[in-house]
Amino acid sequence: MELTDYTISFSGKLKYAYGVGRVRALERRLLTKGDFAKLLEAKDLQEALRALGETDYSQAVLGAAEGASYEEIFRAKEGELFSLLEELSLDPEVTDTLRKRYDLHNLKVLLKAKFGEEDLDYLFLPWGTEGVDALQRAIDEGDYRGLPPWVVEAIQETISSWEESQDPVVVDLTLDRHLFSHLLTVFRAAKLDFLSGWIQREIDLLNLKTFSRLRLAGAELVELRESLIDGGGIEPEFYMGIFAEPWETLPSRFVTTLYRRVVEEGFSKGEDLAPLERACRDYILSYLRKARYTPFGIEPIYAYFLIKEEELRWVRAVILGKENGLDPKFIRKRLPSDYL
Amino acid sequence: MRLAVNPTRMELQRLKKRLVLAHRGHKLLKDKQDELMRQFMSLVKAIRGLRQEVEEGLELAFRSFTLFRSQFAPQEAEEALALPSKRINLQVEERQVMNFRVPVFTAQISGKMRCYGFYNTNSDLDRSLRGLEKVLEKMLRLAQEEKTLQLLAQEIERTRRRVNALEYILIPSLQETIKYIDMKLSEMERGNLTRLMKIKEMLAER
């Protein structure tokens, strides 16, 4: 199945006029290439924090000066972002999908704690839509009351897969598959072509990265099939058909897909996958930026959230890199082109 | 330093025997020290290359892990590795070298290194774990060799102390004591002779 560019529909979306206006104003505060250049060129952590203090993160940096750890700062910033989302969202069933990956994370923590017989409570993240207690009850006692069907199915299938294989990879793959399938279902049901297109592209690029990582690890074809996620624009069979081909011929295989440039840039450094991961991020960011052309609707809000999350991820990377004395060239190599 | 002994012939005989024994012990210990030093130097040479390889491998693995860790929340990074499937069963045996025991590590490694899915992880984590897997056996060998080296160094130190104690304390003090007893006995001999001559002279005068 080939993806085509989404079409913009204005009908019934005027209710988002305020939200979109607010997001448009906030977009101006997103970090620029210049901000990231200052952060990367900072001599040490203190100088990087000073540079960050001159941006939208000034409050967070102030918190750091008062003794908060950097992770607490990033978490506070994420909290701000979720509060904003709650404030602007008029379709919680759609915007809640942005929290689903935290449900997935908490599910993984709970299931791994159960299978490994370890206490991993300190790994929970607070932004999920389902309470940790409800998830815990479902896993320990089989009490699925109040949980959405996709979570119930995900838990049941993961437990039975684990009993069969005792393989932790299967735990992650089963849960990931359920998450993507759920997101796709929600967006399709809400007739949100832009977000369906986004999640399909995410699936395609995740499959592309999985394909490349497994090739590099010398995995078997059967492992590839088990690891690919359905629902993207490119069928898993396509990847299986080219799994044994040499790296040099791979770009020609993607010429007719949306990811021609991603693959060309991504495989330019041979077996180093950092350029591929960066090209994938660039592609997704450029897709999300198209939401700016949507005058009204949930899409610009959703896209702003994702772009801000990406920004937060890279601010964290630069700050932690500085803290650990990492050469900025390693971060620069991975940083999306938007920030370079 | 002279030993506190009675200057008797019996003591002299005993000390002379001890001196011979001390000389023999000194020679044996000196030979042992030389052999230990030889083994130590060859082990140092072998370990230097191995340590460099391990350090380079670990640097690469840690750098990749830091890169992975910096791109995700700490909870996400730790969750990815929360259920490891790689198992290492390490058996520690001992082998006799000279008169001390050195450890021999035997590792039984099973399971896959990768224990996570592909969503919310990246190739930096793959590279980090691949790097660790590559240096794991070398690290075990290095640990074994470095422990041997450490024990060897302790043994060299102990032997050197014994050699020095014999060479600079026991043998000189035995020699000094023997010389002292010898002189004392000679003096007693001369005293006796003088006394006997005097008695003989007195008897002759009567």
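Quick notes on this one:
- Counting only protein heavy atoms and a probe of 1.4 Å, the accessible surface of chain A is 50% carbon and sulfur.
- Taking every residue in A:312-320 and counting other chain Cβ atoms within 10 Å of its Cβ, the average works out to 3.
- Residues in segment B:123-139 reached by a label modelled at B:Phe105 [backbone nitrogen below 19 Å; 7 Å Cα→Cβ]: B:129-139
- The apolar share of the surface of segment B:38-111, taken as the fraction of accessible area on carbon and sulfur atoms (1.4 Å probe, ligands and nucleic acids excluded), comes to 52 percent.
- On a per residue basis, segment B:9-200 carries 60 Å² of accessible surface, using protein heavy atoms and a 1.4 Å probe.
- Counted residue by residue at 0.36 nm each, then reduced by the alpha carbon distance between them, the extension gain from A:Ser165 to A:Ala17 reaches 48.2 nm.
- Residue ranges A:318-330, B:71-83 sort as B:71-83, A:318-330 when ordered by packing (mean number of other C-beta atoms within 10 Å per residue, highest first).
- Assuming charge only on the beta carbon of Lys and Arg (+1) and of Asp and Glu (-1), the dipole of chain A about its Cα centre is about 1660 debye to the nearest 20.
- Cβ-based charge dipole, chain A, positive-most Cα from A:Phe243, A:Leu183, A:Leu40: A:Leu40
- FRET efficiency for A:Asp140 and A:Glu271, using Cβ-Cβ distance with R0 set to 45 Å, rounded to 0.05: 0.55
- Peptide A:136-142 has a mean shielding of 0, counted as Cβ atoms of other protein chains within 10 Å of each residue's Cβ.
- The distance between label points at A:Leu62 and A:Thr129 comes to 3.4 nm (points 7 Å beyond Cα on the Cα→Cβ vector).
- Interface B:A - total buried accessible surface [probe 1.4 Å, Å², rounded to 100]: 3500 Å²
- Protection proxy ranking of A:238-249, A:82-93 - average other beta-carbon atoms within 10 Å, highest first: A:82-93, A:238-249
- Spatial separation of Cα centroids for segment A:281-340 and segment A:60-120, in angstrom: 17 Å
- Note on segment B:9-200: with charges restricted to the Cβ of Lys and Arg (+1) and Asp and Glu (-1), its dipole about the Cα centre is near 1740 debye.
- Across chain A, the mean sequence separation of Cα contacts (distance under 8 Å, 6 or more residues apart), normalised by length, yields a relative contact order of 25 percent.
- Efficiency of FRET from Cβ geometry, B:Ala46 and B:Glu93, R₀ 22 Å, rounded to 0.05: 0.65
- Averaging Cα coordinates gives a centre for segment B:70-129 and one for segment A:128-178; these two points are 27 Å apart.
- To the nearest 10, the accessible area of B:Met98 is 80 Å² with a 1.4 Å probe.
- Shielding score for B:77-86, defined as the mean number of other chain Cβ atoms within 10 Å: 6
- Compactness ratio for chain B: Cα radius of gyration over 2.2 N^0.38 Å (N = residue count) comes to 2.04.
- Those residues of segment A:112-135 for which accessible area with every protein chain present is at least 50 Å² below the isolated value (1.4 Å probe): A:Lys112, A:Leu123
- Calculated FRET efficiency for the pair B:Val20/B:Arg190, C-beta based, R₀ 30 Å, to 0.05: 0.60
- Working ranking of peptides B:117-125, A:36-44 by packing, defined as the average number of other Cβ atoms within 10 Å per residue, highest first, is B:117-125, A:36-44.
- Using distinct alpha-carbon pairs, which all enter the 1/r mean, Kirkwood radius of chain A in Å: 21.8 Å
The values are calculated or read from the model by the stated rules, or taken from the named source; none is laboratory data. The structure displayed is predicted, hence computed values, not measured ones. Every residue, glycine as well, gets a Cβ built from its backbone with ideal geometry; the counts of neighbours run over all protein chains shown. Note: areas computed on protein heavy atoms with side chains; ligands, DNA, RNA excluded. Shrake-Rupley method; radii C 1.70, N 1.55, O 1.52, S 1.80 Å.
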